[in-house]
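Encoded as structure tokens, the structure appears first; notes follow it.
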Amino acid sequence: MNDPVRAWHQCADASVLLDGFHALKHAVRFQARIQVAVTTDRRATLGLADELAPDVRDALDGLLEEVPEVTLKALVPRPHPTAVAALAVRPSRAANLETLARTPRTAPVVVLDNPRNLGNAGAVIRLAAGFGATGVVMTGTLDPWHPTVVRGGAGLHFATAVERLTVAELPPGPVFALDPEGEDIRGLKLPDDAVLAFGSERSGLSPELRARADHLVSLPMRPQVSSYNLATSVAMTLFHWSATGSAPA
């Protein structure tokens, strides 16, 4: 039998933490390389797979190692309620950059300009994966592969290209930047190769991103309401693209 604790410690420093059943499920679905996966109850976890993800049940059966609860708590400071955790190989930066730069592009790239909130960033990656976006790019200092971001993204980092870049390194395509003073999005059709840029939760678009924008776009909002949550803004914009463009079925 493999020693999952030893394998965990050997891989932990250079791996992506998949925190919970759903993160592991999505990572397996999108061909992540899983190095080690643990649970405190194999039978219960495989039962959850039978119920919610039968397509990956056999794969999980071959991956999961059962460990005592105290061991899981030693490996993961805040274990997920599903009592599942795993480590995966992070996709190569070169491969992600190739995906982001590829043309013609059939789905937008989402750019978060200097985001601050780890949970918001994870929620955006989950949204982008759900809409089939080409990728999510973040500028600034926030690590898009931080464990809290991966937890918020439910493992869907492996379903889209996720990288941190500077504004000067943004992928090709017309930049549509969300701004309260921009043109009402309801009058626009967003092209499939759009780069959809969203400012930070506190300060909005940076001067560098604003200067790079080809179009400033606004979302409909009731007067005296100051702003939407970042993930909500991304969801509204991607939905508009999907409703007016050629989003994948």
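The numbers here are math on the coordinates, done by the rules we state, and not lab data. The model shown is predicted, which means the values in this text are computed figures rather than measured ones. As a convention, Cβ positions derive from the backbone with ideal geometry for all residues, glycine included, and neighbour counts pool all protein chains shown.
Seen from all directions on average, the stretch 94-206 presents a Cα convex hull projection of 6.8 nm².
Measuring from centroid to centroid over Cα atoms, what is the spacing of the stretch 38-106 and the stretch 155-228 in Å? The two parts, judged by their Cα centres, are 31 Å apart.
In plain terms, the residue of H26, H9, H146, H240 with the fewest other Cβ atoms within 10 Å comes first and the most crowded comes last, giving H9, H146, H240, H26. Two numbers describe the Cα atoms of the stretch 29-81: Rg and Dmax, which are 11.5, 30 Å. Looking only at A44, A94, A107, which one moves most when the chain is put into a Gaussian network model with springs between Cα atoms under 10 Å? Ranking A44, A94, A107 by mean-square fluctuation puts A94 first.
Within the stretch 190-220, list the trypsin sites (Lys or Arg not before Pro) lying in a DSSP loop whose Cβ has at most 15 other Cβ atoms in a 10 Å radius. It would help to have the intermediate numbers written out before the result.
Numbers: sites: R202, R210, R212; in loops: R202.
When the trypsin sites (Lys or Arg not before Pro) of the stretch 190-220 are filtered for loop state and at most 15 Cβ neighbours within 10 Å, R202 remain.
With the charge dipole of the stretch 1-137 set up from +1 on Lys and Arg Cβ and -1 on Asp and Glu Cβ about the Cα centre, the Cα lying farthest toward the positive end among the listed residues V111, A121, A27 is that of V111. For the chain, the convex hull drawn through the C-alpha positions has a volume of 137 cubic angstrom per residue. Only alpha carbons enter this Debye calculation for the stretch 70-130, each as an equal point scatterer, and the log10 of I(q)/I(0) it gives at q = 0.16, 0.21, 0.29, 0.30 Å⁻¹ is -0.82, -1.08, -1.22, -1.22.
Pick out, from L188, A101, F131, the residue whose Cα sits farthest towards the positive end of the charge dipole of the stretch 56-199, with +1 on the Cβ of Lys and Arg and -1 on the Cβ of Asp and Glu. Most positive-ward Cα: F131.
A simple charge model with +1 on the Cβ of Lys and Arg, -1 on the Cβ of Asp and Glu and nothing else charged puts the dipole of the chain at about 140 debye relative to its Cα centre.
With Rh defined as the Kirkwood radius, the inverse of the mean 1/r over Cα pairs, the Rg/Rh of the stretch 148-248 is 0.95.
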